[in-house]
Amino acid sequence: MKDSQELSGNVTGNKIVMSGIRPTGFLHLGNYFGAIRNYIRMQESNECYFMVADLHSLTTHPDTKSLKSNVHRVLAENIACGLDPDKAAFFCQSQVYETAELYLYLNMLAYKGELEKTVTFKDKVRQHPENVNAGLLTYPVLQAADILLHRASFVPVGKDQEQHLEMARNFANRFNHRYGDVFPEPQAFNFNETLVKVPSLDGTGKMSKSENAMATLYLADDDDMIRKKLMKAKTDSGPTEKNSVKPDYIENIFLLMGLVSAPDTVASYEADFNNASIRYGDLKKQLAEDMIRFISPIRQKAADILSNEKYLAEVMEKGAQKARVSAQKTMKLVREVMGLNYY
Ligand code: AMP
């Protein structure tokens, strides 16, 4: 990772932060540890733009009947986690129309071949062969537009977004070379640590909003559901030799424990594993209680916030106003360097 990971300002000297979450369902532990945790840490001393990526959700969820309630949920759950709409601009993507204009220009600088090779595109084609639309293909271009619109350098995201960020840098560089220096190179950001991937509980992939609900821990899960999911997490009969290598699915459980349990608790189960004396039932019970202690205050707070639609509307309106000011400044520069300012 580059020096800019220090958040001490990059070549352009800015400390602008941008990221987004799609309103495609309940937020989960992966969203928290991959993204939201860093939103909260970064909002204190940086210019932050965080958005609900409703336009992105249309690429896979064209039915808009539950969109409003999903948007409200993403807002409420982020605020319950500690996102402060007075510190960060917290807005809805579709309310900043300049996004669509920049997306259009960047589309002329994105090539079909590179878009077709994107891992997330290939995954989505496999999952939804009946709806391979152009929006899905150009998803990374829209994401680049969101980031570049605020000339952001730091993008707190999970590991699954690494390739998209590389593409955003390519589009920014192509634009700068062709028309003039407008955009900094945005970096995926996690405070000098590797980007996070929170695995699913069945050991087959990552936690996700819209797939494999029993293998994902949602911030809205009640205590019994958390216990049930964790007790069903994949384990085996335990190591038969001391200092064995952990299978992936056991590594995953320890990873989850590292996120929510006290360090000495994790160390004690690590020692049991290395002594080949671990009892996975005990470990899962402990993890469930620590997980409940982490999730239940967020769940309760989010439920309160969610019931206050007026407050959520005010948050969105205030956030969109802030985001539009920054977007309009960038688009003025973009049109100038492109030669689209005719009078
Ligand atoms: P999405 O849910 O795809 O809209 O992603 C919103 C944010 O959460 C992005 O920054 C993702 O990288 C992050 N994220 C989603 N799932 C995970 C996961 N399982 N582990 C880590 N980060 C994740």
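Nothing in this text is a laboratory measurement; each read-out follows from the coordinates by a stated rule. Bear in mind the structure is a predicted one, so any value in this text is a computation, not a measurement. So basically every Cβ, Gly included, is an ideal-geometry build from the backbone, and we count neighbours across all protein chains shown.
The aspartates and glutamates whose alpha-carbon is closer than 15 Å to the alpha-carbon of Lys68, local same-chain residues fewer than 8 away aside, are Asp54, Glu77, Glu309, Glu314, Glu317. Considering the chain at the alpha-carbon level, its Rg and Dmax are found to be 21.3, 78 Å.
Let me have the relative contact order for the chain, percent, based on Cα pairs under 8 Å that are six or more residues apart. Intermediate values should be presented prior to the final figure.
Working: 515 pairs, mean separation 82.6, N = 343.
Across the chain, relative contact order equals 24 percent.
The modelled label-to-label distance between Leu104 and Asp202, using points 7 Å beyond Cα along the C-beta direction, is 4.4 nm.
Here the sum of -39500 (n - 2.57) over DSSP H runs of 4 or more residues, divided by the residues of the chain, equals -15500 deg cm²/dmol at 222 nm, to the nearest 500. Extension gain for the segment Glu44 to Ser66, taken as residue separation times 0.36 nm less the Cα-Cα distance, is 4.7 nm to one decimal. Counting pairwise Cα distances across the stretch 213-303, what percent come out greater than 20 angstrom? The proportion of pairs with Cα distances above 20 Å equals 34 percent.
Of all aspartates and glutamates in the structure, those lying under 15 Å Cα to Cα from Lys206, and not within fewer than 8 positions of it along the same chain, are Asp123, Asp160, Glu162, Asp248, Glu251.
The angle between the Cα long axis of helix 98-107 and the main principal axis of the chain comes to about 90°, on a 0 to 90 degree scale. Put a dot 7 Å past the Cα of Leu333, heading toward its Cβ, do the same for Glu309, and the two dots end up 3.9 nm apart.
Percentage of Cα-Cα pair distances in the stretch 208-256 greater than 13 Å, rounded to whole percent? Walk me through the intermediate numbers first.
On the way: 760 of 1176 pairs.
Of all Cα-Cα pairs in the stretch 208-256, 65 percent lie more than 13 Å apart.
Compactness of the stretch 82-124, taken as the C-alpha radius of gyration over 2.2 N^0.38 Å, stands at 1.68.
Annotation: peptides 33-41, 205-213, 262-270, 230-238, ranked by per-residue average of other Cβ atoms within 10 Å with the highest first, follow the order 33-41, 205-213, 230-238, 262-270.
Evaluate the charge dipole of the stretch 213-303 about its Cα centre and quote only its size in Debye, nearest 20, assuming +1 on the Cβ of each Lys and Arg and -1 on the Cβ of each Asp and Glu.
Magnitude of the dipole: close to 260 debye.
The long axis of helix 67-81 is offset from the longest Cα principal axis of the chain by roughly 60 degrees.
Of all lysines in the structure, the ones whose alpha carbon falls short of 29 Å from that of Lys332, not counting any fewer than 8 places away in one chain, are Lys15, Lys87, Lys112, Lys318, Lys322.
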